[in-house]
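The values are calculated or read from the model by the stated rules, or taken from the named source; none is laboratory data. All figures in this text were calculated on a predicted structure; none of them were measured in a lab. Virtual Cβ from ideal backbone geometry, glycine too; neighbours counted across all protein chains shown.
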Amino acid sequence: MDKALVAILLLGGYLLSGCGGGSATPPPAATLSVTVPSATVTAGTPFNITVSALNASGTVATTYSGTIHFTSSDPQAALPSNSTLTNGTGMFSVTVKTSGSQTITAADTVKTSISGTSNSINVSPAFPPPPPKGIVGQPYGGAQSITIGGCALNFVGWPLEELDVPPTGHPWSWTAAQGSSLPPGLAISAASRSCGIGVVFTVSAWLVGGVPTTAGTYNVILTGPPGTANYTITISAPTSAAAATEASGRHHHYKLIDMGTFGGPASSINFPFFAGTLDNRGMTVGWSATPVPTLPTSSFLICGGIDGVVPFITHAFQWNGTVKDLGTFAPSETNCSEPFFMNSKGEVVGASETADIDPQFFDLQQIHGVLWKDGQMIDLGSLGGHQVAAFGINDRGQIIGNSTNTIPDPFCFFGTVQNRMFLWEQGQMRDIGTLGGNCAGPGAINERGQVVGNSATSANANPLTGFPTTDPFLWEEGKGMMDLGSLGGAFGSASSLNNGGQIVGQSSIASDPGACNGFPDNNNLNCHAFLWDQGSLLDLTTSSIGGSPEWIAAINDAGDIVGWGSFPSSTLEAFLWRNGVATDLGNLGGCGSFSQSINFQSQIVGGAFSCDAAVVRAFLWEDGSIVDLNTLIPAGSNLQLAVARNINDRGEIVGDGVPPGAPPNSFAFHGFLLIPCDENHPDIEGCDYSLVDASTGASEEKQTAAKPALAPEAIQRFMRSFGPRSLPWRRGFGPQPVK
């Protein structure tokens with residue numbers, strides 16, 4: 001054969017076989033393509049997008065195996081979770097909710113340069129949902145809450161359109177259909193709220209609101225950006241003639257739901273630090289005892305319920321119509337778990353024991369942080385140590401918590417090892433740092449991703465206290481951790497913040513610099529309450545008119561604050577703080593009270609106790625009137641409501657109760673849920689829709705005779721039963737110094 005021909009044949013075979021007989025390696029993915037089938041979509045209506053991995057030549061990279069994360073210019077968009085592609089392509093459902101021009105972006109979670117953004121999507125406003133029914137004399141539409149970009153707006157009414165800009169002009173109007181009229185007392189209006197420090201973000205809504213005055217069926221023609229549509233609004237007569245002129249001081253009845261137990265003696269709704277135990281759908285979380293006794297190695301941090309006083313294995317539960325055991329890490333029969341926070345999606349974070357022992361923490365069982373989501377129990381990992389718990393999660397899925405490492409430190413985590421605050425997102429945990437010391441404790445996270453807590457400012461002890469100086473902090477992405485300062489002392493902590501970035505907490509003062517490094521002293525008020533707002537730290541204990549707030553339980557998005565403090569009537573009294581004025585909420589005729597939660601309608605819940613602390617009663621405060629919640633549930637109920645721990649924006653309440661006659665600190669308490677029998681909860685089986693006069697529910701409040709005060713030590717022992725469950729993590733930095 002001709003040598004030239006042989007060479008050509010060999011070369012051809014070489015080329016055809018792909019460089020020496022091996023298979024050709026396909027070009028890797030260089031970018032992602034995000035394709036939207038239509039340039040115009042309707043807000044709130046799902047549509048499909050196609051994502052393809054493309055190589056440098058623009059063809060599909062069929063071997064791409066990366067994980068994709070989705071984002072949108074619309075902060076309210078409902079996006080797919082992290083996903084993979086099949087043969088380099090995939091189709092996903094997306095819902096955008098904010099009208100205007102929006103985009104969808106997909107990016108590789110590891111190599112972020114592999115990304116792509118859709119063309120501009122024109123999002124047209126959606127027609128409003130069907131109007132709710134109304135009742136004469138009662139605010140129309142019920143409680144509404146919208147959050148855009150971490151800024152929350154609360155209002156009462158029928159929402160027509162949600163915006164991420166201030167309301168302008170008059171885009172919505174209505175007329176009566178032929179033969180009908182507009183409902184008397186109702187009108188179209190706008191509500192708005194601005195958030196942010198420096199860069200201000202505004203959330204607004206157009207709505208139909210007011211108080212209807214006349215019963216009837218009203219056919220209206222509504223005109224707005226989506227077009228014109230016909231709606232029917234039904235206004236019902238009140239349940240009684242007196243209800244038509246319902247005044248401040250009248251209360252609804254409630255339906256009582258007992259959470260029961262998992263076979264043990266007790267269950268409980270955790271104390272809410274930043275209201276993480278109850279969402280606006282009525283879903284709640286807590287812990288429940290099993291019949292199995294605790295082990296010598298069971299951890300007091302989460303096992304046995306509040307302060308570890310119930311000597312039984314306890315499991316986290318979630319109620320959504322029925323009680324569900326959220327489980328533990330194996331073995332579940334002898335391990336405890338506890339939930340600490342639930343977001344509005346029903347995702348729960350907390351902690352669970354494992355089967356392993358932690359030799360650096362008193363030879364007790366290890367604790368791992370947990371995310372309960374979509375029926376799964378996800379271990380969040382750690383920062384190197386074996387004591388981890390998650391204390392907050394926002395609707396973006398960002399989780400904050402506390403984790404130990406293995407570095408010994410006499411001032412951190414009960415004098416054992418260092419503990420640090422973490423932020424967990426997209427499967428990754430990171431240490432967010434300190435203010436210069438070795439320890440940092442958890443506080444809360446809001447919908448904007450702002451995080452608060454406390455941190456040591458030095459690794460060395462302050463000679464005045466025996467502990468490193470510890471200050472409250474604010475952490476923000478891209479800005480890091482900022483020291484919020486102090487009120488003159490050496491210990492401070494930020495416990496909560498709202499979606500507007502207002503922060504509350506406590507700080508010691510110069511005359512008693514270590515006062516806050518332990519349970520607050522309700523006698524001399526050396527541990528002061530503070531509000532931090534736009535760079536200014538305000539001492540609420542000394543600056544408030546009417547009383548001296550000491551312990552802050554919650555702050556709502558309107559900036560209203562609740563907790564307990566010292567007032568002329570009592571050294572421990574529930575209060576509402578608003579615009580510099582602290583209002584004493586009363587105590588149902590006893591010796592003291594404490595408030596624990598407030599919703600956007602300024603309804604407040606808590607507990608009031610007798611002078612010998614033998615009786616504690618859950619209360620509701622609304623419209624300037626305090627009422628014993630036990631008077632608003634059916635007579636003969638199987639629980640005496642001791643403490644109301646949380647209230648959502650629909651007026652649903654959770655808390656703890658005991659069998660009638662049992663002491664509040666017994667092992668027999670049960671968690672409960674109260675559903676109000678009102679216009680927002682129609683046709684609830686077993687509901688009494690009549691109203692109760694304030695004088696019926698709070699007649700004891702009229703007593704004016706002097707009552708013996710509890711000793712400071714007794715008050716502190718009593719209040720420990722109702723303190724936040726995160727206290728050991730947030731405040732237990734080290735052994736108490738020798739005095």
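Do you know which residues across the range 652-686 are more than 17 Å from Gly264 (Cβ to Cβ) and outside any loop (DSSP other than H, G, I, E, B)? If you could, list the steps in order and put the result at the bottom.
If we filter the range 652-686 for residues that are more than 17 Å from Gly264 (Cβ to Cβ), which is where we start, we get 652-655, 660-661, 663-664, 673-686.
Matches in the range 652-686: Ile653, Val654, Gly655, Leu673, Leu674, Ile675, Pro676.
Considering the range 97-117 alone, what residues qualify as being assigned to a strand (DSSP E or B) and of a type in the set (D, E, K, R)? Correct list: Asp108 only.
For the range 506-528, does any single residue satisfy the condition of being part of a strand (DSSP E or B), of a type in the set (Gly, Ala, Ser) and in contact with a Phe, Trp or Tyr (Cβ under 7 Å, 6 or more places away or on another chain)? Steps first, answer last, please.
Residues of the range 506-528 part of a strand (DSSP E or B): 506-509, 512, 527-528.
Pick out the ones that are also of a type in the set (Gly, Ala, Ser) and you get 507-508.
Remaining after also requiring in contact with a Phe, Trp or Tyr (Cβ under 7 Å, 6 or more places away or on another chain): 507-508.
Yes, there is a match, as at least one residue in the range 506-528 is part of a strand (DSSP E or B), of a type in the set (Gly, Ala, Ser) and in contact with a Phe, Trp or Tyr (Cβ under 7 Å, 6 or more places away or on another chain).
Here is a check on your reading of the model: is Gly488 among the small types (Gly, Ala, Ser) and under 30 Å from Ala558 (Cβ atoms)?
Numbers: among the small types (Gly, Ala, Ser): yes; under 30 Å from Ala558 (Cβ atoms): yes.
Yes.
Determine whether the range 454-475 contains at least one residue that is among the polar types (S, T, N, Q) and under 24 Å from the mean Cα position of the chain (by Cα). Yes; the residues of the range 454-475 include at least one that is among the polar types (S, T, N, Q) and under 24 Å from the mean Cα position of the chain (by Cα). The residues of the range 132-143 that are surrounded by 21 or more Cβ atoms within 10 Å (Cβ to Cβ) and outside any loop (DSSP other than H, G, I, E, B), listed by number, are Gly134, Ile135. The residues listed here are Leu531, Leu537; of these, the one that is in contact with a Phe, Trp or Tyr (Cβ under 9 Å, 6 or more places away or on another chain), under 30 Å from Pro468 (Cα atoms) and surrounded by fewer than 20 Cβ atoms within 10 Å (Cβ to Cβ) is Leu537. Consider the range 167-182 and keep the residues that are exposed (fewer than 13 other Cβ atoms within 10 Å of the Cβ) and farther than 17 Å from Val220 by Cα. The one that is nearest to the chain's Cα centre (by Cα) is Thr168.
Please work out if Ser113 is without any contact (Cβ under 8 Å) to a residue 12 or more places away in the chain and within 30 Å of Glu476 (Cβ to Cβ). Even if it seems obvious, please write down each step before you answer.
On the way: without any contact (Cβ under 8 Å) to a residue 12 or more places away in the chain: yes; within 30 Å of Glu476 (Cβ to Cβ): yes.
So Ser113 passes the test.
Restricting attention to the range 159-179, the residues that are at pLDDT 85 or above and among the acidic types (Asp, Glu) add up to 1.
Kindly provide the set of residues from the range 122-131 that are touching a residue at least 40 places away in the same chain (Cβ under 8 Å) and surrounded by fewer than 20 Cβ atoms within 10 Å (Cβ to Cβ), ordered by number. Steps first, please.
Start the filter on the range 122-131 by keeping residues that are touching a residue at least 40 places away in the same chain (Cβ under 8 Å), which leaves 122-128, 130-131.
Hits for the range 122-131 are Asn122, Ser124, Ala126, Phe127, Pro128, Pro130.
Tell me which residues, restricted to the range 69-96, are of a type in the set (A, V, I, L, M) and assigned to a loop (DSSP other than H, G, I, E, B). Listed by number, the residues that qualify are Ala77, Leu79, Leu85, Val96. Asn119 meets the conditions (1) touching a strand residue (DSSP E or B) at 6+ places or on another chain (Cβ under 8 Å); (2) surrounded by fewer than 18 Cβ atoms within 10 Å (Cβ to Cβ) in every case but one. The failed one is (1).
The residue that is surrounded by the fewest Cβ atoms within 10 Å (Cβ to Cβ), counting only those in the range 642-686 that are closer than 21 Å to Gly563 by Cβ and in contact with an Asp or Glu (Cβ under 8 Å, 6 or more places away or on another chain), is Gly651. The set of residues from the range 626-670 being of a type in the set (A, V, I, L, M) and farther than 17 Å from Gly606 by Cα comprises Ala635, Ala662, Ala668.
If only one of Phe362, Phe391, Phe341 is among the aromatic types (Phe, Trp, Tyr) and surrounded by fewer than 21 Cβ atoms within 10 Å (Cβ to Cβ), which one is it? After ruling out the rest, the residue left standing is Phe362.
State all residues of the range 32-68 that are part of a strand (DSSP E or B) and surrounded by 19 or more Cβ atoms within 10 Å (Cβ to Cβ); if no residue qualifies, say none. Answer for the range 32-68, where residues must be part of a strand (DSSP E or B) and surrounded by 19 or more Cβ atoms within 10 Å (Cβ to Cβ): Leu32, Val34, Val41, Ile49, Val51, Ser52, Ala53, Leu54, Ile68.
From the list Leu423, Leu383, Leu435, which residue is in contact with a Lys or Arg (Cβ under 7 Å, 6 or more places away or on another chain) and more than 30 Å from Asn320 (Cα to Cα)?
Numbers: Leu423 fails: more than 30 Å from Asn320 (Cα to Cα); Leu435 fails: in contact with a Lys or Arg (Cβ under 7 Å, 6 or more places away or on another chain).
Testing whether each residue is in contact with a Lys or Arg (Cβ under 7 Å, 6 or more places away or on another chain) and more than 30 Å from Asn320 (Cα to Cα) leaves just Leu383.
Kindly check whether there is at least one residue in the range 149-156 that is buried (at least 19 other Cβ atoms within 10 Å of the Cβ) and part of a loop (DSSP other than H, G, I, E, B). Checked against the condition, which is being buried (at least 19 other Cβ atoms within 10 Å of the Cβ) and part of a loop (DSSP other than H, G, I, E, B), the range 149-156 yields at least one hit. Each residue in the range 597-643 was checked for being of a type outside the set (Lys, Arg) and closer than 20 Å to Arg250 by Cα, and 30 of them qualify.
Within the range 501-525, the residues that satisfy the criterion of being within 18 Å of Glu573 (Cβ to Cβ) and either surrounded by fewer than 24 Cβ atoms within 10 Å (Cβ to Cβ) or at pLDDT below 85 (or both) are Phe519, Pro520, Asp521, Asn522, Asn523, Asn524, Leu525. Within the range 475-493, the set of residues being closer than 13 Å to Leu538 by Cα, among the hydrophobic types (A, V, I, L, M, F, W, C) and in a strand (DSSP E or B) comprises Leu487 only.
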